[in-house]
Every structure is written in structure tokens, then in C-alpha cells.
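> Here you go, one structure.
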Amino acid sequence: MFVKFMCTIITILLFSVSTFYANKKIRKKGIRFVVSVMLFFISAMVVSYGCTVFINLITDFKTPQSIFKFNHTEEIVDVVEGDESCMVVFRKDKNSYGQDYYLKSGDEYKSPYIFPTKKVASSVGKYGICSIDNVRRTNDYYVVGGATIEDGKNLTVTGNDNQVFQYTAIGDTLVLPNGKKQKDILFYSTFNDFSDDYCLIINGEKISFNKS
């Protein structure tokens with residue numbers, strides 16, 4: 001937490017100094033505003049990259065849980081291990097979850113740099129939204145989706161090559177006006193070598209993806 005605090009202070013100082021000198025050279029207020037916004041984002045990116053490099057040099061996290069706790073206070077729900085990275089699923093609040101990604105380096109886990117993932121494909125259909133993200137600098141792909149199903153029924157998701165999925169319930173069971181009950185399920189997995197014909201089978205129904 002101390003390192004994060006110092007990174008924030010450095011960002012503010014760098015932004016303040018660069019903006020001060022830029023504004024001395026620029027007379028038009030409109031241009032000053034645009035330059036100030038650009039300098040803020042540049043300062044934040046430079047400091048973020050530098051802090052990540054520094055943290056990776058001085059730390060040696062041996063588990064996904066330990067590096068996650070260095071960055072977060074939320075509850076860990078699950079960990080998915082890829083070949084060169086891992087995904088930590090954590091609880092944001094009662095009804096929502098988030099994902100964080102870390103790189104593997106030997107027997108250690110390292111923080112990724114700016115924009116750690118890129119979305120390669122997504123799907124919106126009968127069972128909800130599903131997306132596929134690639135961890136940059138790796139061949140690891142993570143698919144994460146949500147499905148709403150009738151309470152008492154099971155959710156079965158498979159991918160190419162009998163890919164195994166993990167499941168986590170989201171929030172409480174919802175009671176509809178007609179008395180029927182529904183529940184939301186988060187499902188996720190990892191795989192390598194994404195291709196255009198990648199698809200999921202959700203409860204026997206084929207789900208195709210649109211490339212981003």
C-alpha cells in the first residue's frame with residue numbers, strides 16, 4: 001500500500017510540474033486544457049509503468065493469492081491457472097465479481113504492465129454476455145461469462161477440446177412474479193491458441209463469438 005501511495009504522489013508531482021511549465025508557454029485556455037489532460041494521462045502511464053517495474057523487482061510472490069492481496073482487499077473466490085499467467089476471480093460485492101490477471105515468471109507471480117489484457121471476442125445471447133481476453137505477452141486466453149438459469153437446473157459449459165469450466169453463483173436466487181426462481185451463474189476457464197471457430201456449448205446449445 002505504501003508503494004501505491006508513493007506512486008500516486010509521484011504522479012501528482014509530475015503532472016503538476018509538467019502542467020506548470022506547459023501553461024507558461026501556452027496562452028490559449030482551450031489549448032491549455034487539452035494539454036493538461038494529455039499530460040495527466042502521460043504522467044499516470046509513465047509512473048504506473050515505473051512503479052510496476054519497481055514492484056516486480058523487489059517482490060517475489062509465490063502464489064496468486066499473495067500478489068492479489070498486495071493489490072486488493074477484496075475476497076478471492078477462485079484462481080484459474082494458465083501456462084504463462086493466472087486469473088484471480090474476486091468478489092466486488094454481493095452481486096458482482098471482478099477478474100485480475102498476473103504473469104508467471106519461473107516460480108513467481110508478477111504484476112502485468114499497463115493494459116494487461118485485450119479483448120479478442122465476445123458473444124451476447126440467450127444465456128447472457130461472454131467475452132474472451134488474451135493476457136498480453138502470453139498465449140493464454142481467458143473466457144468469462146454469465147448465465148441466468150432456472151433454479152434447480154444445472155449449468156453445463158464446454159469449450160473446444162472438452163475445455164473444463166468452473167462456476168460461481170452470483171447473488172441470491174431471484175423470485176419472479178410468476179413464482180419461478182432464477183439464479184445467475186458466473187463461468188470461466190482458460191485455453192491456448194484462440195481461433196475463429198472457437199465456440200462454447202452451453203446446456204447443449206452452441207454459442208459462437210464475434211471477434212473484437
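> Taking amide H atoms as placed 1.01 Å from N in the peptide plane, list the residues 5 or more away in sequence, or in a different chain, whose amide H sits under 5 Å from that of A121.
Correct list: I132, S212.
> Which value, in debye to the nearest 20, describes the size of the charge dipole of region 99-212 about its Cα centre when Lys and Arg Cβ atoms bear +1, Asp and Glu Cβ atoms bear -1, and nothing else is charged? Could the numbers behind the result be given before it?
Details: 13 positive and 14 negative charges, 58 e Å.
So the magnitude is around 280 debye.
> Among the trypsin sites (Lys or Arg not before Pro) in region 73-125, which ones are in a DSSP loop with at most 15 other Cβ atoms within 10 Å of the Cβ? Mind listing them?
Details: sites: R91, K92, K94, K104, K110, K118, K119; in loops: K94.
Hits after loop and neighbour filter: K94.
> Based on the Cβ-Cβ distance of D196 and S122, what FRET efficiency does E = 1/(1 + (r/R0)^6) give at R0 = 22 Å, to the nearest 0.05? Provide the component values of the computation, followed by the final result.
Working: r = 14 Å, r/R0 = 0.63.
Efficiency computed from Cβ-Cβ geometry: 0.95.
No lab work stands behind these numbers, since they all come straight from the coordinates. Note that this is a predicted model, so its numbers are computed, not measured. Positions of Cβ are backbone-derived with ideal geometry, glycine not excepted, and every protein chain shown enters the neighbour counts.
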